[in-house]
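The values are calculated or read from the model by the stated rules, or taken from the named source; none is laboratory data. Since this is a predicted model, take the numbers as computed values, not measurements. Glycine also receives a Cβ, built like all others from the backbone with ideal geometry; neighbour counts cover every protein chain displayed. Accessible surface areas use protein heavy atoms only, side chains included; no ligands, DNA or RNA. Shrake-Rupley method; radii C 1.70, N 1.55, O 1.52, S 1.80 Å.
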Amino acid sequence: MELNKKQLAGKIAYGLLFCAVLPALGWLWSSMAATEVTLPLPQLRFLPALLLGCGALFVSAAMLQLWREGRGLPMNAFPPQEFVATGFYRFFAHPIYIGAVLLAAGCSLLFKNATGFYLLTPLFALACITLVLGYEQQAIRNHFGAAFRPALSALPAASAETAPFRQRLAVALRVFVPWFCLYEMFIVAHPNHAGFDTMQWFPGENQLPVIGWSVIPYSLTYLFVLLVPFCCTKQNQLRYFFITAHAAVITGLLLQLLLPFYCDARAVSSTGIFENWIITERLYDGAGAAFPSFHVIWAIIAAAVFSKIKPALRIVWWLAALSITVSCSTTGIHSIPDCISGILVGLFAVNIVPVFRFIQRSSERIANAWHAWHIGPLRIISHAPYSFLAGFTGAFIAGLFIGDKGALLFLVVATLAGGALWGQFVEGSSRLLRPFGYYGSIIGGGIAWLLLPALFNVPWMQAGMALALAAPFAQAAGRLRCLVQGCCHGAETHTVPGIRYTHPKSRVCCISGMQGKTVHNTPLYSMCSNIIIGLLLLRLWYEHVPLSFIVGLYFILAGLSRFVEEAWRGEVQTRIAGGLRLYQWAALASIAVGIGFTGVPAVAASPITATVDALSWLCAAGSGLLSAFAMSMDFPGSDARFSRLSG
């Protein structure tokens, strides 16, 4: 009976946390954030009601199904007794999260809260994805075992079995609806021409005439593309569309988000049915979502998928894609650079599987390239260039905003010292005498950051922005060192293509005992996420977003990324508490710290103030050498603390 009371109290507390406390805190955050978003909101009157209605339907219907059929509540900590695969759960694995995101967007529009719509709702959606990938996905499989069945919108099987119509519909909804919503959000958020006009890149292109009748192949793109998933009668065909479409959507939208490009469409000089048709097309498109051209991207994907469905008509499909690509320019809606970038993204997407395999093979070669040179008692490990690159990159970027070279070197030393101390007390062992920890580096650098105004008279928030802009790129470079050293490695995988470590000096082999096993390439995952975070923060700096927001967003995004990464890592020494790995708790703390920073009174983003001279290069090189010594050089013959990096 006592146990039931504890469970009841836990369920009540869990329900209050997710249904009352967190939504209230989110609303408070959106209203108190020092960085107020002033982007225009969609003006469709019915949109708030539509989003709220659909969101409420998804949430209430899914919860009712879990109660009736699952005999439980929608709680991670207290999962239902039975696996539910009917109703909304037949089509979508997580309809409650979908509904919650729709409710957040609808509430933001209803109360005309741009901060909630453009800041809170996307971050909330990312948090839901993070929770699923970083915890819930694996927890569901472990809890329900053989009863687990993927939803119809999940990745189709790699078989020649028939794909039922309802599965094709579910995949189409999963691909097209999120893309369309995000694409239109970009259009609404960029009503003004700001940045670089791609129509000006090729001299004279903005003077080319608009060919009216070319709007016909341009508009036929919609039919050509929308038919694709419904024509995929086999599982492997639908799987190919699923993978290529997701690769294209993620890549294309990221480029539109990260790059300050727009396209000022060419003027229509005459009137007629085709010219009016072009003008109508432009009403539903926007200059800020032109590079790369999704018309071109979708046309290439459609041609590639149809070529697998009907190989005999391959030339027809690719001619259709070519005509659509040309029409993007002849209608004046897209520039030549828009089309070229669309071609590149499209070709990347349709070849994503071989590209990913090539990257994995290259990573595996790097991971097993461990060797060392000895100079007396000193050992120089082959990942020293990567450690140098990490230190050099971080110091150079941070130095652009911190003119005082003494302050910069102070930050570098404190960051390395913090990482070494964290690794020593959290992960150290008799075989691992000098490990490094990312969160220790954050703490060490943070302490030094707090001391900067007193010691060097460097503006506090400006130095914080410099560190936030530098950290993602430094860590991305440093992950190459992790590949060789074998630290931060992944857990064994049987579903996602991974890499194998075979070198006996790698920590994967000598510490974790996973020699020859296929593991997640978590250093690569971290490199990709950090590069994206770094580019996004640079874009925000370019848009003069306040410093506190840039710092806060770094902590939030780094925390979300690390939470997922930790779920796929397999280091045996990492502790687990409350069902989460130690660094997942640290990631949650990082998110909380980031939210706090967004409430700091806003200070306008500062331009590059330091002069790039010989001293700047020398300081960055010195930081790189210091990083290389700390992270890639050791004394293997000694048992003293901090003497060895590995056995």
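What does the extension gain come out to for Q43 and F148, with contour length at 0.36 nm per residue minus their alpha carbon separation?
33.6 nm
Taking the Cα-to-Cβ direction at A312 and at R575 and moving 7 Å from each Cα, how far apart do the two end points lie in nm?
Going by the 7 Å Cα→Cβ label model, 6.7 nm.
Using a 10 Å Cβ count of at most 13 others and DSSP loop calls, identify the longest part of the chain lacking such trypsin sites (Lys or Arg not before Pro). Each step should come with its number before you reach the end.
Values: sites that count: R45, R71, K112, R431, R575, R641.
Between the exposed loop sites, the longest stretch runs 113-430.
Roughly how far apart, in whole Å, are the Cα centres of segment 157-184 and segment 353-414?
Between the Cα centre of segment 157-184 and that of segment 353-414, the gap is 41 Å.
Calculate how large, on average over all directions, the projected area of the Cα convex hull of segment 375-455 is; give the answer in nm² to one decimal.
Values: hull surface 26.6 nm².
So the Cα hull casts an average projection of 6.7 nm².
Using Rg/Rh (Cα atoms, Kirkwood Rh) as the read-out, say which of (i) 0.94; (ii) 0.97; (iii) 1.35 was calculated from these coordinates.
(ii)
Any idea which of I300, L322, Y240 is furthest toward the positive side of the dipole for segment 234-325, if Lys and Arg beta-carbons carry +1 and Asp and Glu beta-carbons -1?
Among I300, L322, Y240, the one farthest towards the positive end of the dipole of segment 234-325 is Y240.
Which of the lysines could a cross-linker span from K234 if the Cα-Cα distance has to be under 25 Å and same-chain partners fewer than 8 positions apart are dropped?
Straight-line reach from K234, under 25 Å: K308, K310.
Please report, in debye to the nearest 20, how large the charge dipole of the chain is about its Cα centre when each Lys and Arg carries +1 at its beta carbon and each Asp and Glu carries -1 there.
Details: 40 positive and 25 negative charges, 399 e Å.
The dipole of the chain has a size of about 1920 debye.
Work out how much length K112 to R641 would gain on full extension: take 0.36 nm times their residue separation and subtract the Cα-Cα distance, in nm to one decimal. It would help to have the intermediate numbers written out before the result.
Working: separation 529, 0.36 × 529 = 190.44 nm, distance 5.81 nm.
Length gained, K112 through R641: 184.6 nm.
Please compute the Cα-Cα pair-distance distribution of segment 526-635 with 5 Å bins starting at 0, giving whole percents from short to long.
Once binned at 5 Å, the Cα pair distances of segment 526-635 give 2, 10, 13, 13, 16, 19, 14, 8, 4, 1, 0.
Given an 8 Å cut-off on Cα distances and at least 6 residues of separation, report the relative contact order of the chain as a percent.
14 percent.
At a Förster distance of 35 Å, what's the computed FRET efficiency of L50 paired with A194, Cβ-Cβ distance as r, to 0.05?
0.75
So what is the 222 nm mean residue ellipticity for the chain from helices alone, if each DSSP H run of at least 4 adds -39500 (n - 2.57) and you divide by all residues, rounding to the nearest 500 deg cm²/dmol? Before the final figure, lay out the partial values.
On the way: 25 runs with 387 residues, N = 647.
One gets -19500 deg cm²/dmol as the mean residue ellipticity at 222 nm.
At 7 Å along Cα-to-Cβ for each site, give me the label-to-label distance between L378 and A454 in nm.
If labels sit at L378 and A454, their model points lie 3.5 nm apart.
Given labels modelled 7 Å from the Cα in the Cβ direction, how far is it in nm from R71 to W201?
Calculated label separation equals 6.0 nm.
Find the accessible area per residue for segment 1-151; the probe is 1.4 Å, ligands and nucleic acids are left out, and the unit is Å².
Working: 8910 Å² over 151 residues.
For segment 1-151, the per-residue accessible area is 59 Å².
Nearest 5 is fine: what % of DSSP beta bridges in the chain come out antiparallel, could you say?
Here the share of antiparallel DSSP bridges comes out near 90 percent.
State to the nearest 20 debye the size of the charge dipole of segment 242-317 about its Cα centre, where the only charges are +1 on K and R beta carbons and -1 on D and E beta carbons.
400 debye
Compute the length gained on full extension between T493 and F18: take 0.36 nm times their separation in residues and subtract their Cα-Cα distance, giving the result in nm to one decimal. Intermediate values should be presented prior to the final figure.
Values: separation 475, 0.36 × 475 = 171.00 nm, distance 3.16 nm.
Contour length minus the Cα-Cα distance gives 167.8 nm.
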